[in-house]
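A quick write-up on the structure given underneath.
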Amino acid sequence: MAVTALDLQVGALLAGTPDAVADPYPTYAGLRAQGRVHRVNGAVLLSHYQDITAILTDTRAQKIFGPAAALIASAPPDQRAHAEELVSWFRSWLTQSNGQTHERLRSLVHLAFTAKVIGNLHAGIEAVVGSLLDGIERQGGNTIDFVADFAYHLPLIVICQMVDVPVEDRFLIRDWSRGFAAFISGSTDVAASYESMVRLRSHLGQIVEKRRGGSTTELLTALFNAEEAGDRLSNDELVTMIVHLVFGGHETTTHQLGNGLVSLLRNRAQWDRLREDRSLVRNAVDELLRYNSPVQETHRAFAEDVEYASTAIRAGEPVRVLLGSGNHDPEVFPEPERLDVARSNARRQLGLGLGSHYCLGQALTRLEAEVAFTALLERFPDLTLEREQLEWFPTFSMHGVRAVPIRLRGRRA
């Protein structure tokens with residue numbers, strides 16, 4: 001069978017080719033135009049909103065870590081055991097678990113993310129945002145890197161405060177998190193990633209033990225006391241949950257903030273619309289997640305043969321669920337390539353998942369973005385991108401820009 005132009009585009013996207021990763025949406029449009037189900041590199045690809053929502057809510061579909069086998073196979077022979085341990089540890093996270101294990105872990109920690117708990121964080125998040133922007137103003141000058149100077153710090157400071165980790169530790173946590181993330185993204189330096197994992201677990205584990213039995217934060221107290229039908233989190237589960245919250249609680253939101261600001265500044269009329277009507281910011285957060293989400297795909301598999309869109313999917317066959325494509329499906333979002341901060345159905349976006357694996361911290365990430373963009377509009381209403389050409393991380397599943405250089409025109413007096 002002849003290789004088509006679309007085949008090449010899809011291959012480039014899945015391989016993390018820079019140009020394809022920077023703008024995956026034309027490739028998605030090509031996939032949607034040529035059918036409901038595609039098979040590429042041994043996996044099924046689902047690109048239509050209807051099919052994506054169906055599989056995310058299908059109780060037969062199991063969450064899988066799609067790259068696991070390839071990551072282990074590509075590790076140097078003397079580091080394969082470490083690669084297997086890295087994969088095994090990642091699979092133990094709440095977001096990667098299934099069935100009764102997933103239900104148990106989620107039931108034990110959901111009380112730490114109730115509307116009340118998150119609502120109580122609003123003033124604290126505003127204080128962190130204000131402090132970061134004060135620091136930017138004190139620096140002087142007229143240009144900053146929004147990611148390095150703001151978007152990285154905000155979510156990590158907030159999550160550190162929530163789990164009672166010293167905020168000054170965030171630089172160590174950043175480096176160790178990046179080391180572990182490099183493995184997930186395909187780095188063959190398994191030894192470095194393994195060391196990062198060990199250090200991250202050890203450091204946070206020691207902090208957790210120091211906090212046990214004493215006065216601590218509402219969230220960490222809830223995790224210590226989490227109990228359902230006489231069950232509790234084991235010590236290993238608790239440390240893994242804290243690592244998961246710290247890792248997942250800042251990587252995704254950092255990309256969400258960076259991607260969102262780039263989208264707004266490249267669509268200036270929408271930034272100006274928010275500047276004139278701040279009441280639209282909450283809806284804009286969902287529209288920005290739809291327009292250029294940091295999470296572009298997730299993976300599923302079935303224990304039995306099933307049929308989707310009149311196509312047979314074999315038991316165990318990996319399914320790549322293209323969330324970013326669903327977010328640009330014109331059957332659900334008219335004119336999907338147009339950013340519209342007032343879009344009436346923006347809340348239907350898939351950037352935070354759906355079904356049993358819906359993002360546990362969705363209320364927190366929305367709140368952080370809402371507070372951040374509101375403050376930016378107030379402090380720097382006329383800011384602009386310093387340059388249009390940006391560098392994106394060379395990964396497909398997690399979509400984010402490395403740096404967002406912005407010019408702070410309109411600095412508040």
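The values are calculated or read from the model by the stated rules, or taken from the named source; none is laboratory data. Predicted model, so just to flag it, every value in this text is computed and none were measured. Here the Cβ is made from the backbone with ideal geometry for all residues, glycine too, and neighbour counts use every protein chain on show.
Can you say whether Ala22 is at pLDDT 90 or above and in contact with a strand residue (DSSP E or B) (Cβ under 6 Å, 6 or more places away or on another chain), as far as the supplied structure shows?
yes
Among the residues of region 123-145, count how many are outside any helix (DSSP H, G or I) and touching a strand residue (DSSP E or B) at 6+ places or on another chain (Cβ under 7 Å).
Residues flagged as outside any helix (DSSP H, G or I) and touching a strand residue (DSSP E or B) at 6+ places or on another chain (Cβ under 7 Å) within region 123-145 amount to 4.
Pick from region 135-178 the residues that are of a type in the set (Phe, Trp, Tyr) and modelled with pLDDT of 90 or more: which of them is farthest from Pro405 (Cα to Cα)?
Only one residue fits best here, namely Tyr152.
For the structure I just gave you, tell me whether Arg282 is under 19 Å from Glu337 (Cβ atoms), surrounded by fewer than 24 Cβ atoms within 10 Å (Cβ to Cβ) and either touching a Phe, Trp or Tyr at 6+ places or on another chain (Cβ under 7 Å) or touching a residue at least 24 places away in the same chain (Cβ under 8 Å) (or both).
no
State which residue is farthest from Ala363 (Cα to Cα) when the search covers only region 95-111 and only residues that are hydrophobic (A, V, I, L, M, F, W, C) and under 21 Å from the mean Cα position of the chain (by Cα).
Out of the qualifying residues, it is Leu105.
Keeping to region 345-361, report how many residues are outside any helix (DSSP H, G or I) and more than 14 Å from the chain's Cα centre (by Cα).
Going through region 345-361 one residue at a time, the tally reaches 1.
Being farther than 15 Å from Leu154 by Cα and either small (Gly, Ala, Ser) or assigned to a strand (DSSP E or B) (or both) is the filter; apply it to region 362-402 and report the residue that is nearest to the chain's Cα centre (by Cα).
The qualifying residue nearest to the chain's Cα centre (by Cα) is Met398.
Looking at region 26-83, which of its residues are touching an Asp or Glu at 6+ places or on another chain (Cβ under 7 Å), closer than 26 Å to Thr101 by Cβ and buried (at least 20 other Cβ atoms within 10 Å of the Cβ)?
Listed by number, the list holds a single entry, Val44.
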